[in-house]
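Single-structure report; data block below.
A short reminder: the numbers here are calculations on the coordinates, not readings from a lab. All values reported here derive from a predicted model rather than from experimental measurement. Positions of Cβ are backbone-derived with ideal geometry, glycine not excepted, and every protein chain shown enters the neighbour counts.
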Amino acid sequence: MSILDRIQSPVDLRTLTQEELPAVAAGVRERMVDVISRTGGHFAPGLGVVELTIALHYVFNTPDDKLIWDVGHQGYPHKILTGRNEEFARIRAKGGPSGFLSRKESEYDVFGAGHAATSISAALGIATARDLNNDDFKVVAVIGDGSMTSGIAYEALNNAGHTDRDLIVVLNDNEMSISPNVGAIHKYLTGIITNPFYNRIRDEVKQFLQRSEGGLTGRLEQLVLKMEEGAKGFFTAGMLFEELGFRYVGPIDGHDLDTLVETLREVRKWDGPRLVHVITKKGKGFPLAEQNPVVWHGATPFDKISGEITKKKTATPAYTAAFGKGLVELGEQRSDVAVITAAMPSGTGTGTFGDTFPDRYFDVGIAEGHGVTFAAGLATEGIRPVVAIYSTFLQRAYDSIIHDVAIQKLPVVFAMDRGGLVGNDGPTHMGLYDIAYMLAVPNMVVTAPKDGAEMLALLRLGLEQDAPFALRYPRANVPAPVPALSEIPPVEFGTWEVLRTGRHTAMLAVGTMVMPALEAAQRLAAEGIDATVVNCRFMKPYDEQTLAWVAANHGAILTIEEGSVVNGFGTLMAAALEPHRHEHPIVHEILGVPDRIIQHASREEQLAECGLDVDSICERARAAAASLPIDMVRSTA
Ligand SMILES: Cc1ncc(C[n+]2csc(CCOP(=O)(O)OP(=O)(O)O)c2C)c(N)n1
């Protein structure tokens, strides 16, 4: 019986002796390596917090004491120890446990997340509710140093620090975001860890104060006592946090279970806001991940002995990679182009632009709102910024998009990667709302390419506009190889592309839905339903002329988009088709992602679930065609 078999919940963990805990850590690591090498998933973040997770559940009385993990991507050891070890084998698969934490999944998952820097705010809310309800439990937020680049964390510290709420923040500092961490706070934290002066002075002052206690009398004693608080504050490493009203403890070794347990036990007894600074190594225990935590942040299946990636090579690159490559070509052609990432150089494929043009590349940290307003500032001075942020994370910047970019009609290009269904990351990472939220913004051009070449043509065109320009592309591979930018023909602004001319039934497809629509049309042709397929690469402004032609010549129109059906392209077209209905009746079907939360599964499974696979498109097209008079539908040619 392995030690993990004895731990069905943290209650079992708490029956173990402190000496047994390292064996638990070894068991959790082994389990993580075994499962993730088969399933893929977040890897280095969880390996780095194995001891911290054990110590937290060992010292705190979870789930009565509330443990709130920031992002949740480091939550795999937490899952293993909170009764989900068996299901863990199906992590991120359809019907298996989520890759993040979810209130639906376990009472130990106190607050769901996926986006960074929400934990301190949520923890303060929970601590405040506890006090309003006269309850009695501890609240602990665990946040990474990468997430501490987000302004939200400081809004929460600011709010919490002037209260006397019983609240504990654990800062898990591994000096990494997904990529090496950036910014002044990062420098400050690194200073605490590495500066020998800080550590020496801190130890000396501590010793001096301890030695002096009871040894001084009269006014001198009073003076020292008065100075003590100030001296402690002055020489405490985490002065910033102390000044913000948090009692700072640390830095402590996050892989030393005894230190962790003893420190947390002590801190648990105190009251008021306090912050424990824990130093960990991302990827701890798997040497390849320790050496290269960027690559091993999220892993695809690998050989657990050699570390070799077992995933087969695909014929075409990911949109992300094609985008990154094209961006470098554009950077070579135009010295006024700058690129902004919010802590995602590798995820957005823009890192190569940064390597090539370091002066024109800006990693602003996990600070999407700031990144957009920073880009707006650049644009006022003639720089042409490309803001490359995943669709889901750009949600954070909506006010900046409207207030700082659109109202001032500044030429900022928004490259929205992961537009659409994102697969195994699940609900928190879905790029389903960008069409709706961008269409609502005046002055915004909203586009989606059908393939990689068109993506680059649109990017190039976007950089020529004097207005904000949004470009969305999916978490998928491009359908066909992408030529060099110089060989890609231009796209005419505001135009659609009629790819196939049929009779009576038309499919107006957006971005990723163009190829499936073409395939559906080919299948339907064999059944005698001859459909027109239009690539609606411009959602706004849309191609009024082509729409008028479609409306005049087709009785059944399907709009197809990989985005929410609520206020998306289909809704826009429903309104646009209205005046054309006077000429003849039009059946309009809106195909898109239904208005509900889509759970984690593969992207293909999600597309089928949402009725956006080729089979479903054929079915809806048949039904729409069937509602037309028979002589309008059946091709006799
Ligand atoms: C708003 C937002 N932007 C970007 C991301 C992508 N992301 C996931 S984890 C991560 C790094 C977080 O670093 P840290 O908090 O230090 O955790 P670590 O992975 O180092 O354990 C980033 C940028 C995100 N989850 N949320």
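If the chain linking Thr15 and Gln408 were pulled fully straight, counting 0.36 nm for each residue of separation and taking away their Cα-Cα distance, it would gain 135.3 nm. Taking 17 Å as the cut-off, the amide N atoms of the range 560-601 that come nearer than this to a point 7 Å along the Cα-to-beta-carbon line of Ala626 belong to 587-590. Distance from the alpha carbon centroid of the range 61-138 to that of the range 259-328 works out to 19 angstrom.
For the range 612-620, the Karplus equation 6.51 cos²θ - 1.76 cosθ + 1.60, evaluated at θ = phi - 60°, returns couplings of 10, 8, 4, 4, 5, 4, 4, 4, 5 Hz by residue, with Gly and Pro reported as x. A Förster distance of 56 Å, applied to the separation of the beta-carbon atoms of Ala526 and Glu332, puts the FRET efficiency at 0.75. Extending 7 Å from the Cα toward the beta-carbon at both Asp136 and Arg38 defines two label points whose distance is 4.6 nm. Maximal additional length on extending the Glu30-Thr356 stretch stands at 113.4 nm, based on 0.36 nm per residue less the C-alpha distance.
The string of couplings for the range 561-569 from the Karplus curve (6.51, -1.76, 1.60, θ = phi - 60°) is 9, 9, x, 4, 6, 7, 6, x, 5 Hz, one whole number per residue in order, with x for Gly and Pro. Please determine, in degrees from 0 to 90 and to the nearest 10, the orientation of helix 368-380 with respect to the longest principal axis defined by the Cα atoms of the chain, where the helix direction is its Cα long axis. Around 60 degrees separate the two axes. Sites listed here are GluC sites (Glu not before Pro) in the range 252-317 whose DSSP assignment is loop and whose Cβ has at most 11 other Cβ atoms within 10 Å: Glu308.
For the chain, what does the helix formula give at 222 nm: sum of -39500 (n - 2.57) over DSSP H segments with n ≥ 4, over the residue count, nearest 500 deg cm²/dmol? -11500 deg cm²/dmol, from helical runs alone. Note on Tyr188 and Asn61: with the Förster distance fixed at 35 Å, the Cβ-Cβ geometry gives a FRET efficiency of about 0.55.
Karplus-based coupling profile of the range 582-598, in residue order and whole Hz: 5, 6, 7, x, 10, 8, 10, 10, 9, 9, x, 7, x, 7, 8, 6, 9, with θ = phi - 60° in 6.51 cos²θ - 1.76 cosθ + 1.60 and x standing for Gly or Pro. Compared with the dominant principal axis of the Cα atoms in the chain, helix 151-161 is inclined by about 40°.
Between Asp5 and Glu87, the FRET efficiency estimated from the beta carbon spacing at R0 = 22 angstrom works out to 0.90.
Cα axis of helix 514-526 to longest principal axis of the chain: angle in degrees, 0 to 90, nearest 10? In the chain, helix 514-526 runs at an angle near 40 degrees to the longest axis.
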